[in-house]
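The values are calculated or read from the model by the stated rules, or taken from the named source; none is laboratory data. Bear in mind that the values here come from a model prediction, so they are computed numbers and not experimental data. Here the Cβ positions follow ideal geometry from the backbone for every residue, glycine too, while neighbour counts run over all protein chains shown.
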Amino acid sequence: MRIDWMFFSIKPSTIISSLCYSVFRVEPYSSCLYGCIFCYAKWYRKGLEMNSSQILNAWKSLARRLKDVDLPPPVFRLSTLVEPFQDKLEMKNRIALRILEIADRYEIPLIINTKSDLIMRSPWIDVILKLSDKNLVLVQVSIVTTNSNISKALEPGAPIPQRRLALIERLRDHSVPVVVRLQPLIPGIENLQLETAKEVLSYGALGIIVEPLRETRNGLAKIAKAIGIAPKSYLNNHLWKPYSFSSSNQGLLYPDIEWRKRMFYELFTLTLKFGKALTICKDGLWLSFSIYNADCCQSWHIKRTHAMRKTLYECLISSKSRFPHIYLLSYGDFQKYPRVIRRALRLHYNKLIKVLNNKKLLRKLIITNSSHAK
């Protein structure tokens, strides 16, 4: 069965192709029951529907072919558009479990992004521990705030934050690498999110990933109600600026640079006190706040040798990885991978080159001065 490359790769864009190392994914489901009111993945799910047999057959075929490639496999994200361990779906269908088992069999590294503690139950935890023993997994636990009332209003179908904190602690007790996605960063609950950052680090998280909120005006009004702020005053706040990198024509807004700088600085200082890393997702301010590299997914916690594409970081800061187990792909390496992988790599590479050749766009994207350029 021939599968379009988009089933396993995020679509190229100015932001993704410039900043993101982890562009490969495997999506177990095409819908999400959690109903988070800030979710933007709903704009991108259309056209990616596959039945369970198609998903598993395509994933097994790709994993088997990657095993035969004379280069390290790329990291795959489980997943980017849905919660992969939704109890009602996963308990019945077990598609995410089968994806884990195939990754274990063919030794494909996975970044698991979840809000669910289902993975602490057998047989899910059994496979995750196998992957961890082989240095093939990183778990990203997603939390907006540990304030139960606000969390319930923002993420009505998701497990309560306390269950997610317990998940972090239990996975770390088993030596599974865990980082936290503290996202989205939402104006109006800054102090709550800073307190949440302290909590997740005290529970053993190895690092924190942040991403500022991007939303439409209608979406911001709903968020304002959820966090107890009058929508009119929230929308009229001068901090909201157009998100000019959106290709979805949704009229997205996001916090201005000064608000983002303040939040990033507070979180950066906090993580340093704990001896952990802060990374920033989809934001050009990474040059100022990332002390490891630009990889917001923190895949360096996956200790098994794996391949990653080059980004603006390698083009502007350092052409070498700081981690010997991360293999940075050159253009000539693309041809060695299966079609769906090499096509995605080429498309993202071509988009990256266009950004590099557009000085006005480049300056706008990285939000820094030319002294960082090599």
Pairs, please: C-beta under 6 Å, at least 6 apart or cross-chain, first residue farther than 26 Å from Ala158 by Cα and in segment 61-82, second in a loop (DSSP other than H, G, I, E, B) and among the aromatic types (Phe, Trp, Tyr)? Val69/Tyr337
Go through segment 49-82 residue by residue and tally those that are more than 28 Å from Ser330 (Cβ to Cβ), out of contact with any helix residue (DSSP H, G or I) (no Cβ under 9 Å at 6 or more places or on another chain) and not polar (S, T, N, Q). 1
In segment 28-41, how many residues are among the hydrophobic types (A, V, I, L, M, F, W, C), under 21 Å from Lys225 (Cβ atoms) and either modelled with pLDDT under 85 or surrounded by fewer than 16 Cβ atoms within 10 Å (Cβ to Cβ) (or both)? 1
Result of the Cβ filter at 9 Å on segment 126-154, keeping first residues that are farther than 17 Å from Gln183 by Cβ and in contact (Cβ under 8 Å) with a residue 60 or more places away in the chain and partners that are crowded, with 17+ Cβ neighbours inside 10 Å and small (Gly, Ala, Ser), at least 6 apart or interchain, is Leu136/Ala103; Val137/Ala103
Looking only at helices (runs of 4 or more DSSP H) that lie completely in segment 43-139, which have at least 2 residues being surrounded by 15 or more Cβ atoms within 10 Å (Cβ to Cβ), under 22 Å from the mean Cα position of the chain (by Cα) and among the hydroxyl-bearing types (Ser, Thr, Tyr)? none
Restricting attention to segment 361-369, does a residue exist that is at pLDDT 95 or above and either more than 19 Å from Ile15 (Cα to Cα) or under 21 Å from the mean Cα position of the chain (by Cα) (or both)? no
Residue within segment 330-347 that is of a type in the set (Phe, Trp, Tyr) and within 20 Å of the chain's Cα centre (by Cα) present: no
Scope segment 42-66; condition modelled with pLDDT under 95 and charged (D, E, K, R); matching residues: Lys42, Arg45, Lys46, Glu49
Looking at segment 156-185, which of the residues that are among the aliphatic types (A, V, I, L, M) and not in a helix (DSSP H, G or I) is surrounded by the most Cβ atoms within 10 Å (Cβ to Cβ)? Val180
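Looking at Leu192, Leu185, which is the one that is in contact with a strand residue (DSSP E or B) (Cβ under 9 Å, 6 or more places away or on another chain) and under 22 Å from Gln162 (Cβ atoms)? It would help to see each step written out before you state the result.
On the way: Leu192 fails: in contact with a strand residue (DSSP E or B) (Cβ under 9 Å, 6 or more places away or on another chain).
From the options Leu192, Leu185, the qualifying one is Leu185.
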